[in-house]
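Trainee: Quick one: this structure, given as structure tokens, is what I'll be asking you about.
The values are calculated or read from the model by the stated rules, or taken from the named source; none is laboratory data. Just so we're clear, the structure is a prediction, and the values are computed from it rather than from any experiment. Using ideal geometry, Cβ is built from the backbone for each residue, glycine included, and neighbour counts are taken over all protein chains shown. Heavy atoms of the whole protein, side chains included, go into the accessibility calculation; ligands, DNA and RNA do not. Shrake-Rupley method; radii C 1.70, N 1.55, O 1.52, S 1.80 Å.
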Amino acid sequence: MGTLCFLDHWLIYDHQHHMGLLIMERRELASKYEQVKTLAESSELMHKHDSAMTKSALTEARQREKTKEQWNAYKSVIDSCSKLRSEKWIEQASEPNKEAVIKALLGAKEAMLGIRYHMRLIGEAACVPIEPESQTKLLDATLNLEGVLLAGVPGAGGFDVVFAVTFGDSSSNVTKTWSSLNVLALLVKEDPCGVSLESADPRTNEIT
């Protein structure tokens, strides 16, 4: 009985020992699985991140290229239209980007003509010469020149001032036409730098 009891204890110990080893191996396998899983998830996240970065870079590159194409189309249209009367501008629409620019320019011109028309109606109704007939003739003649986009009477109107918006060097044509009618042209140009902060005034140091 003592021998059998000892054997039973040994068998139980041996069985528990093997069970313990199996449990340890299972835990090690589970730990390794979690490590592999974590590495796989990290790798997948890195792959997604790299893909997103690549996609973003490609999108930015395409956007820059598109912006460059649009700018080139705009500049080409302005250069061409500066040498032509407005009724000839649409003939320069050789591609979609140029067509869009020209249609926008012609839309602005039509809008200004509408404003002038209604301002004349207001003047007639109020018996006030907002756009006097003499200025109407001058403005219509100005709009028939090459490279002229807009022409009108600013502010409250009257006999004192008219304006014109031109492309490129076409302002010289306006100057000649106005001078022949004893109208002095004061030329201004857009600033290619856009909005800038002057540094000469010390008060600008307080501006962010």
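Trainee: Any idea which of (1) without any contact (Cβ under 8 Å) to a residue 12 or more places away in the chain; (2) under 28 Å from the mean Cα position of the chain (by Cα) is the one His47 doesn't satisfy?
Mentor: Result: His47 passes all but (2).
Trainee: Among the numbered criteria (1) open to solvent by less than 80 Å² (accessible area, probe 1.4 Å); (2) over 20 Å from Tyr74 (Cα atoms), which one does Glu133 miss?
Mentor: Condition not satisfied by Glu133: (1).
Trainee: What pairs come out if I take residues in the stretch 86-100 that are on the phi < 0 side of the Ramachandran plot and pair them with residues that are open to solvent by 90 Å² or more (accessible area, probe 1.4 Å) and outside any loop (DSSP other than H, G, I, E, B) whose C-beta lies under 9 Å away, six or more apart or interchain?
Mentor: Ile90/Lys103; Ala93/Lys103; Asn97/Glu69; Asn97/Tyr74; Lys98/Tyr74
Trainee: If I ask for residues that are open to solvent by 40 Å² or more (accessible area, probe 1.4 Å) and not in a loop (DSSP other than H, G, I, E, B), which ones from the stretch 142-165 would you list?
Mentor: Pass one, the stretch 142-165, residues open to solvent by 40 Å² or more (accessible area, probe 1.4 Å): 144, 146, 154-156, 159-161, 163, 165.
Once the filter is applied, which keeps residues that are open to solvent by 40 Å² or more (accessible area, probe 1.4 Å) and not in a loop (DSSP other than H, G, I, E, B), the stretch 142-165 yields Phe163, Val165.
Trainee: Which condition from (1) open to solvent by 80 Å² or more (accessible area, probe 1.4 Å); (2) under 25 Å from Val153 (Cβ atoms); (3) without any contact (Cβ under 8 Å) to a residue 40 or more places away in the chain is the one that Ala104 breaks?
Mentor: (1)
Trainee: When you scan the stretch 61-101, how many residues do you find that are open to solvent by 50 Å² or more (accessible area, probe 1.4 Å) and either in a helix (DSSP H, G or I) or of a type in the set (Ser, Thr, Tyr) (or both)?
Mentor: Result for the stretch 61-101: 24.
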